[in-house]
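Take a look at the structure below.
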Amino acid sequence: MTILRSHPGRNLLDVHGDVNRLFDGLLLPAGRTVESVQPMAVDVHESDAGYTLQFDLPGIKPEDVKVRIHDGVLTVSGERAANPPAGEGVRTHRRERVHGAFSRSFTLRRPVDTAGITATAQDGVLTLFVPRAEEAKPRDIKIDVVK
């Protein structure tokens, strides 16, 4: 699993992404929208038992989300439905809520128990638990005293 540590230059990358999204929006034909360039927010926690990943997916039905593990890569993907029109005779001045396809992948660098992965959804948060494989779990080694 790849985890990025925060560093001072990270904000510059955020500005670069914002500028790219701005120009993407200017260059698209009228009526089209930019798919989510920024993947959904996720928190990743690690323990001796495994990894817990929590994804913010407000307004997305669990049946519209796909969780897949293949060749050591865990992928969460899906599609957020388009926002309904405001109504006849109503002018929209700003539309910021993103819709369209999304995907987020994680390379698992340690062996995991793929059969033991669980996924639960509650209040717009998808929680995955990815247990470590037995051989990857830390264990204490007893030292035998030879006499």
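The values are calculated or read from the model by the stated rules, or taken from the named source; none is laboratory data. Note that the structure is predicted; figures quoted are calculated from it, not measured. Because the Cβ atoms are built from the backbone with ideal geometry, glycine has one as well, and the counts that use them run over all protein chains shown.
Numerical summary
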| item | result |
| --- | --- |
| Subset of the range 90-107 [charged (D, E, K, R) and more than 12 Å from T75 (Cβ to Cβ)] | R91, R94, R95, E96, R97 |
| Scope the range 92-111; condition part of a strand (DSSP E or B), closer than 20 Å to P58 by Cβ and of a type outside the set (D, E, K, R); matching residues | G100, A101, F102, S103 |
| Selection from the range 45-77 of residues that are within 13 Å of S105 (Cβ to Cβ) and either among the small types (G, A, S) or surrounded by 13 or more Cβ atoms within 10 Å (Cβ to Cβ) (or both) | L53, F55, V67, I69, G72, L74, T75, V76, S77 |
| Tabulated pairs, the range 102-119, first more than 21 Å from A41 (Cα to Cα), second hydrophobic (A, V, I, L, M, F, W, C) and assigned to a strand (DSSP E or B), C-beta under 6 angstrom, 6+ apart or interchain | V112/V130; T114/I69 |
| Positions within the range 82-140 being loosely packed, with under 10 Cβ neighbours inside 10 Å and at pLDDT 90 or above, in sequence order | A115, Q122, D123 |
